[in-house]
Amino acid sequence: MAIAQDSVVTIHYTLKDDAGEILDSSVEAEPLAYLHGHGNLVPGLERELEGKNVGDKINVTVQPQDGYGDYDQRLVQRVPRRALAGIANVRVGMRLQTQTAEGPRTVVVTHLIGDMVTLDANHPLAGKALNFEVEVTDVRAATEEELSHGHVHGPGDHHHH
Ligand code: ZN
């Protein structure tokens, strides 16, 4: 069965940056199951998997516009430390939830200079090329319930919603 719209696809994958550093991998863990054609993977990877079969191995480089988007300087803001008054021990690399007009958003503290804190709301992989090595390990048709939810139900994955 080839991967098509509404297939439930199981893959093992390794994601590397352009320096060859592993950013994420399923290989030492559980494979990833996803519902194809519903935006559950970055678009550039989903597109390359279309038509593939069990046992196929592919290497795909996804550019930022087909991945997590370009890095947006407008999502970086500097605020006085007192704006984070409820948070103890603010440090570089800390992830915080902030409220914005578009709802809650995760930001990362990227600089601490004097009394000013720099917060970056870009996805950690924004602006990066994503180099995927993928092996297709299973393909099946989705159930009606999976289609209505827009995601895969695994074994033992009983109703969380
Ligand atoms: Zn569900």
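The values are calculated or read from the model by the stated rules, or taken from the named source; none is laboratory data. Just so you know, these numbers come straight off a predicted model, no measurement behind them. Reconstructed Cβ throughout: ideal geometry from the backbone, glycine too, with neighbour counts over all protein chains shown. Keep in mind that these areas ignore ligands, DNA and RNA; they rest on the heavy atoms of the full protein, side chains included. Shrake-Rupley method; radii C 1.70, N 1.55, O 1.52, S 1.80 Å.
Values for this structure:
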read-out: Residue that is modelled with the highest pLDDT, among those in segment 112-161 that are within 13 Å of the ligand (Cβ to nearest atom) and either assigned to a strand (DSSP E or B) or crowded, with 19+ Cβ neighbours inside 10 Å (or both); value: Ala142
read-out: Residue in segment 90-102 that is assigned to a strand (DSSP E or B) and hydroxyl-bearing (Ser, Thr, Tyr) present; value: yes
read-out: Segment 84-95, residues that are open to solvent by less than 80 Å² (accessible area, probe 1.4 Å) and under 19 Å from Tyr71 (Cβ atoms); value: Gly93
read-out: Residues being open to solvent by less than 70 Å² (accessible area, probe 1.4 Å), within 24 Å of Gln63 (Cα to Cα) and not aliphatic (A, V, I, L, M) - total across segment 98-111; value: 2
read-out: Unique residue being part of a strand (DSSP E or B), in contact (Cβ under 8 Å) with a residue 40 or more places away in the chain and more than 16 Å from Asp138 (Cβ to Cβ) when the list is Thr10, Thr61; value: Thr61
read-out: Residue list for segment 41-98, restricted to those being over 22 Å from Asn122 (Cα atoms), of a type in the set (D, E, K, R) and not assigned by TED's automatic domain parsing to the domain that holds Arg140; value: Arg82
